[in-house]
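Single-structure report; data block below.
The values are calculated or read from the model by the stated rules, or taken from the named source; none is laboratory data. Being a predicted model, the structure only gives us computed values, none of them experimental. All Cβ positions, even for glycine, are placed from backbone atoms using ideal geometry, and neighbour counts span all protein chains on display.
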Protein chains: 4
Amino acid sequence: MCRWLAYSGEPLHPSEVILDTQHSLVAQALNSPLGAETVNGDGFGLGWYPETPAESGQKPVPAVFRSTEPAWNDQNLREISTTVRSPLFLSHIRAAAGPPIQQTNCHPFRHENWLFMHNGALADFATVKRDLTFAVDPSLYPEIQGTTDSEVLFHLALTLGLQDDPVAGLGAAIREVERVGHAHGVQFAVQGTFAVSDGTTLWAFRYSSVGRSRSLYHSTDMDTLREMYPDAERLRAFGRRAQVVVSEPLNDLPGVFTEVPESTVSILDDSGYRHEPFLAAS
Amino acid sequence: MCRWLAYSGEPLHPSEVILDTQHSLVAQALNSPLGAETVNGDGFGLGWYPETPAESGQKPVPAVFRSTEPAWNDQNLREISTTVRSPLFLSHIRAAAGPPIQQTNCHPFRHENWLFMHNGALADFATVKRDLTFAVDPSLYPEIQGTTDSEVLFHLALTLGLQDDPVAGLGAAIREVERVGHAHGVQFAVQGTFAVSDGTTLWAFRYSSVGRSRSLYHSTDMDTLREMYPDAERLRAFGRRAQVVVSEPLNDLPGVFTEVPESTVSILDDSGYRHEPFLAAS
Amino acid sequence: MCRWLAYSGEPLHPSEVILDTQHSLVAQALNSPLGAETVNGDGFGLGWYPETPAESGQKPVPAVFRSTEPAWNDQNLREISTTVRSPLFLSHIRAAAGPPIQQTNCHPFRHENWLFMHNGALADFATVKRDLTFAVDPSLYPEIQGTTDSEVLFHLALTLGLQDDPVAGLGAAIREVERVGHAHGVQFAVQGTFAVSDGTTLWAFRYSSVGRSRSLYHSTDMDTLREMYPDAERLRAFGRRAQVVVSEPLNDLPGVFTEVPESTVSILDDSGYRHEPFLAAS
Amino acid sequence: MCRWLAYSGEPLHPSEVILDTQHSLVAQALNSPLGAETVNGDGFGLGWYPETPAESGQKPVPAVFRSTEPAWNDQNLREISTTVRSPLFLSHIRAAAGPPIQQTNCHPFRHENWLFMHNGALADFATVKRDLTFAVDPSLYPEIQGTTDSEVLFHLALTLGLQDDPVAGLGAAIREVERVGHAHGVQFAVQGTFAVSDGTTLWAFRYSSVGRSRSLYHSTDMDTLREMYPDAERLRAFGRRAQVVVSEPLNDLPGVFTEVPESTVSILDDSGYRHEPFLAAS
């Protein structure tokens, strides 16, 4: 129901990819060719890890800026995204599907050094919300600040081990949502793409119970791009390790963006991009 | 943590009592002499029943206007409260004590033809929130839109019969909060004043587990006031049945406002004002 | 750059035409097939004259509710537009073209008993703003609260006699904008549709310097509509004198909406709808 | 009508002085012992120069974050002020005295590499606004985005040479306001404290036409403070050159804050703090 973009690489002003490209995330807020909704004007969020490494033994704490204004005219988003620099950030624009427009319903959500965001929906959420919320660990329960399906899913994944193993943790949470959904007669309970980070690694998931998920793309590595487009002025803004995962391609150039397959988790870290099957049909 | 005012009587522009008096509710937002907090700038709400009676057999449906802006500078509140006329309205200004500033956390809360608002707090709410929320009837659970203690208490009271008997229903909910609190080591679980209406009758409660509740006053009946202050130009705005219950007196005139006793429910309807003991020490 | 709707007729809940129709004004906020912009999500406004006639010799004072939120998800707009009833109201959704998103830039604008709103733009406004603002009567100058071209145009029209003769006053203001524009090398200075009311009559203008104005439609009179669609349940909500002027048809039914010609002023009052040439090519 | 704080010194998280002290700027928003108003809840702003020096020959461009929410509960302010680090920042909390609550009326105001903020008022601003606004250079006129006296004064000072000589430029602007005021029968036209910076130097002014200005304090230099309070854990957060100018002392410790005299300009730069007479009685 939304669009999102996650970046990993050399420290960068987030504006470079959320404001300054042909189909930037903010441009997608006004007109999203591939989205379930054309307009994503119901608030936005930007979560970013600091440029300076955390002190030894400490985990990097991300900052989060969220607003209920449409992203396309938000002056503060311009100020902040052109000012801060970050080696890993998650940004999200929302098209609300029920839950009210309020900052606590804007992605990304944060728990300690973890960030999470989601495009898609849990089907019939009003029906399953109570059971799913009840399944969240009581110690995590008071942290739920908003009323979205996404935030409950995040806390369910935290309950089921996301901090130890993000792929297993989110997988278990999705299976739990499907199980509770079936118990309530909901056939295809989960739909979406998901981004998770601990400040070092970025995991991006594409999965839906029905097997037709929201769109998701990743960018080609910079060395290849520079060979393909040796004269591209634009590429000079980016370092060698710069890569994004994003709901829709940021431009129309052939070869720059590749679709992430169904039932797949993409993993970006210092060693580059790879992906693996995720909850593939059993 | 807040201030509120409820009116019952001849149809009136709410502005007459929330904007235009010496210590109006909006003035209390900036400076509340008797409040637990001096400033109540974290949003406000106005819920009002329509001037025209509902058709036979139908219940009156109240409208609710809520905003996160401080009440003192909200132009829309001025426009609306000077435009609509209502025989029964509830208005509230908030001083947040934790839960975020968002419309879904602003009072009054509504369920069908019922309105509810609260000044005070459930002690250690983070500790008891989960148990109290899961005690809400599953059919009512999805209606909870915000994250305040007050909204959970309202839905607990609805679960426990508020619509059949408001005094018994709210009483049972308060006792349940105290019971759950004790189970978690919370000694004095409930603090506050509460207003409830179905569009015909207004119930206003003053109660706290510790026996020292937030302040609450009711106005003297108009016939008496007109005898006391025969020259008061100001009184001409009000009909014979006009009465308010309010967190603080709206002016300094002797005899106009009387404190509602501890552990008491005030009842205002066509037959005037009366009060009864409520959850008095047993 | 926006969309608007004005209603005149028997008192009506504004929601009937701004929320509850196939292509209601709020639906146009998300998807405006005929608009210069597809999305109109940069705030909105509703100005309405009271249902009860003003006392003898007094002019009706309209209320105005404005918000910077996108109209499609604004709960307060739903509450208010389904609650108040009005015989004459103006509603507007904004697609900002530069000036910031703030309530003071939302239409309609008000001066005493007059309301004004505008879809379109004054070309190169930054260039002509100072001269046009300087041309506003000094006694009206302090009333300008926002930074839009529309508000300056309204105050220029007030300066040039709008309250005595709205057609002549707005015409003179438009000619002044064109004159100042020419002096600054702006060729086609004025573009738009405009609505003006004093609470009794509604004037709706379609004019642009270039002769290709923003779209504008008026509804067919109710007697004719009832003959055309004798079984239409929907029409029963409206009285005999109900008519709207609107940027786009509210539904796809043949014969219900008729385009207002270029360089035309439509006039709606107790005697029905008529239109006249306005600033036609000289 | 407001409170403000400006910092110059080693790069610092703004939260250290606007959130984390006894009487921090945000605490003053809720309760300002020395302010003309007790509550300053009508929005806020933070303008900060970047930590990394501008490239040779380039001027540092400040970022500005502004919001209409009360500062005390604004989560984004917490996120941003604890994340960014800056060697020179200006922060402001507003108590509106007429002009609407909107971001464009929040301080600090920016022009190229310059920031400006103001506590106080131009007397009878509605009377003098038109003359003062038209005295602004036409090339600067379109930059005025809001409706405050402060923003007009800033642009008047820019018109009169602030970028060449801030003390002379603001002085000339103040004299112009007094001159225009006298012409309109306004006796004491200017009241306030003002902060101006180009990213390298901070100028802080205390001046009023009547000679009784809003309060202003500067902090004692760090070497002295460390001698006075050798055990103060709190001081370790600050570098040797850290100094603030602020509407009210940030704590009650003797010797930490010194009042800036009437008709004085304080100047903070790499060489420390000094002050000079400003528009002293002639």
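A quick yes/no check of all residues on (1) touching a helix residue (DSSP H, G or I) at 6+ places or on another chain (Cβ under 6 Å); (2) within 18 Å of A:Asp149 (Cβ to Cβ); (3) of a type outside the set (S, T, N, Q); (4) surrounded by fewer than 22 Cβ atoms within 10 Å (Cβ to Cβ):
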| position | (1), (2), (3), (4) |
| --- | --- |
| A:Thr193 | no, yes, no, no |
| A:Trp203 | yes, no, yes, no |
| A:Tyr207 | no, yes, yes, no |
| A:His218 | no, no, yes, yes |
| A:Asp221 | no, no, yes, yes |
| A:Met228 | no, no, yes, yes |
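Go through the stretch B:187-233 and count every residue that is in contact with a Ser or Thr (Cβ under 8 Å, 6 or more places away or on another chain) and charged (D, E, K, R). Looking only at that region, the number is 2. Selection of the stretch C:95-118 for residues being at pLDDT below 95, more than 15 Å from C:Ala63 (Cα to Cα) and either assigned to a strand (DSSP E or B) or of a type in the set (Val, Ile, Thr) (or both) yields only C:Ile101.
Are any of the residues in the stretch A:9-17 buried (at least 24 other Cβ atoms within 10 Å of the Cβ) and either without any contact (Cβ under 8 Å) to a residue 40 or more places away in the chain or in a loop (DSSP other than H, G, I, E, B) (or both)? Within the stretch A:9-17, one or more residues are buried (at least 24 other Cβ atoms within 10 Å of the Cβ) and either without any contact (Cβ under 8 Å) to a residue 40 or more places away in the chain or in a loop (DSSP other than H, G, I, E, B) (or both).
Going by the structure shown, is A:Val167 surrounded by fewer than 23 Cβ atoms within 10 Å (Cβ to Cβ), farther than 19 Å from B:Val128 by Cα, away from chain B (no Cβ under 14 Å) and β-branched (Val, Ile, Thr)? Before the answer, list the steps.
Details: surrounded by fewer than 23 Cβ atoms within 10 Å (Cβ to Cβ): yes; farther than 19 Å from B:Val128 by Cα: yes; away from chain B (no Cβ under 14 Å): yes; β-branched (Val, Ile, Thr): yes.
Yes: the conditions hold for A:Val167.
Return yes or no: is C:Ala121 crowded, with 18+ Cβ neighbours inside 10 Å and not in a loop (DSSP other than H, G, I, E, B)? For C:Ala121, the condition - crowded, with 18+ Cβ neighbours inside 10 Å and not in a loop (DSSP other than H, G, I, E, B) - is met.
Taken over the stretch D:64-94, the criterion of being of a type outside the set (D, E, K, R), buried (at least 23 other Cβ atoms within 10 Å of the Cβ) and either over 27 Å from A:Pro60 (Cβ atoms) or without any contact (Cβ under 8 Å) to a residue 24 or more places away in the chain (or both) is satisfied by D:Phe65, D:Thr68, D:Pro70, D:Trp72, D:Leu90, D:His92, D:Ile93.
Among the residues of the stretch A:153-164, how many are assigned to a loop (DSSP other than H, G, I, E, B) and buried (at least 19 other Cβ atoms within 10 Å of the Cβ)?
First, the residues of the stretch A:153-164 that are assigned to a loop (DSSP other than H, G, I, E, B): A:160-164.
Checking the rest, the ones that are also buried (at least 19 other Cβ atoms within 10 Å of the Cβ) come to A:160, A:162.
Final tally of qualifying residues: 2.
Taking the stretch A:40-61 on its own, how many of its residues are surrounded by 22 or more Cβ atoms within 10 Å (Cβ to Cβ) and either at the interface with another protein chain (Cβ under 9 Å from one of its Cβ atoms) or touching a helix residue (DSSP H, G or I) at 6+ places or on another chain (Cβ under 9 Å) (or both)? Number satisfying all stated conditions: 8.
Here is a check on your reading of the model: is C:Ala97 touching a helix residue (DSSP H, G or I) at 6+ places or on another chain (Cβ under 7 Å) and surrounded by fewer than 22 Cβ atoms within 10 Å (Cβ to Cβ)? Can you show your working first?
Details: touching a helix residue (DSSP H, G or I) at 6+ places or on another chain (Cβ under 7 Å): no; surrounded by fewer than 22 Cβ atoms within 10 Å (Cβ to Cβ): yes.
Taking the combined requirement at face value, the residue does not satisfy it.
Of the strands (runs of 3 or more DSSP E) contained entirely in the stretch A:170-282, those carrying at least 2 residues that are more than 16 Å from the chain's Cα centre (by Cα) fall at A:257-259, A:272-277.
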